[in-house]
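Asks: Dropping the structure in here first, questions after.
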Amino acid sequence: MLVKTLTLGFFSCNNYLVMCEDTNDAVLIDAGGDYEATMQEVRNSNANLKYIFHTHGHLDHISGDVELKAKAGVKVFIHKGDQFLVEKFKDQLMMFGLPDMEIPVIDEHVDDGQVLEVGKLKFKVIHTPGHSPGSVCYLVDDVLFSGDTLFRDSVGRTDLYGGSYEQIGESIKNKLFTLDESIKVYPGHGSPTSIGYEKENNPFFGKNTTL
Ligand SMILES: [Zn+2]
């Protein structure tokens, strides 16, 4: 498995190009924009980009969808709980004072426990509501793509569109901190971390929390 990090678009969203090295089939975890930069990495990796798997529907994670779908023919996946955010894309842009863009088109909804195959890689969907109602993480081998649910030394904000601090706490404690501590975590913003590190040190829901 090859993982390449691209930090793109509004609010420096991490997009991860994940490729099965046996078949070269690849998926982009979130799409923050900058079609050329994305395709440059796809070409450099000799990847056959087939899908975008969204961790959630906030604008900084979905604003690359329309161009990637139109020009590269990728299929776009998101949890049904965040379909309303995709439909509110223009409202989201307006709220942050950004120029108007076309609303992305979703091809398929993912659900908790579902396994998505990319080449020989198997991505398990873990529904982790809290940052948004349809936030999910994707677990593949020993790597978790955590979106804006879990960050290094932090967690996602819960003050936007259907966010819930109580829910994000339940998601992190019951669904992420129960995973193997050695699992590497690639978040939607900032540096990578691990389940073990966050269980110990996360200031919000880690063992030694003071919040
Ligand atoms: Zn977000």
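Values in this text are rule-based calculations from the coordinates and carry no lab data. Model, not experiment: these values are computed from the prediction. Note: ideal-geometry Cβ built from the backbone for every residue, glycine included; neighbour counts use all protein chains shown.
Asks: Grab the Cα-Cα distance for ASP107 and MET95, subtract it from 0.36 nm times how many residues apart they are, and report the gain in nm with one decimal.
Replies: This chain segment gains 1.7 nm when fully extended.
Asks: Report the rotationally averaged projected area of the stretch 134-203 based on its alpha-carbon convex hull, in square nanometres.
Replies: Over all viewing directions, the stretch 134-203 projects a mean Cα-hull area of 4.3 nm².
Asks: How high is the relative contact order of the chain, in percent, counting Cα pairs under 8 Å that sit 6 or more residues apart?
Replies: This gives 15 percent for the chain.
Asks: Sticking with this one: Given points 7 Å out from each Cα along the Cα-Cβ axis, report the THR7 to TYR165 separation in nanometres with one decimal.
Replies: Inter-label distance under the simple model: 2.8 nm.
Asks: Let me ask something else about it. Roughly speaking, what is the centre-to-centre gap between the stretch 179-211 and the stretch 36-74 when only Cα atoms are used, to the nearest Å?
Replies: Going from one Cα centre to the other spans 27 Å.
Asks: Moving on to the next point. Return the lysines within reach of LYS199: Cα separation strictly under 16 angstrom, same-chain partners fewer than 8 residues apart disregarded; answer none if there are no such residues.
Replies: Leaving aside lysines fewer than 8 places away in the same chain, those within reach of LYS199 are LYS173, LYS175, LYS184, LYS207.
Asks: Report Rg (one decimal) and Dmax (nearest whole number) for the stretch 60-136, counting Cα atoms only, units Å.
Replies: 13.6, 42
Asks: Taking every pair of alpha-carbon atoms in the chain, give the share separated by more than 21 Å as a whole percent.
Replies: 49
Asks: Same structure again: In what sequence, highest mean first, do 133-146, 49-62, 156-169 appear when ranked by Cβ atoms within 10 angstrom?
Replies: So the order, starting with the most tightly packed, is 49-62, 133-146, 156-169.
Asks: Share of Cα-Cα pairs in the stretch 96-182 beyond 21 Å, in percent?
Replies: Result: 38 percent of Cα pairs exceed 21 Å.
Asks: Then there is this: Percent antiparallel among DSSP beta bridges with both residues in the stretch 2-201, to the nearest 5?
Replies: Percentage antiparallel, nearest 5: 65.
Asks: Now for a separate question. So which residue, out of TYR16, TYR197, TYR186, gets the largest mean-square fluctuation from a GNM of the chain using Cα contacts under 10 Å as springs?
Replies: TYR197
Asks: If you don't mind, another one. If you wrap the stretch 7-89's Cα atoms in a convex hull and average its projection over all directions, what's the area in nm²?
Replies: Value for the stretch 7-89: 5.0 nm².
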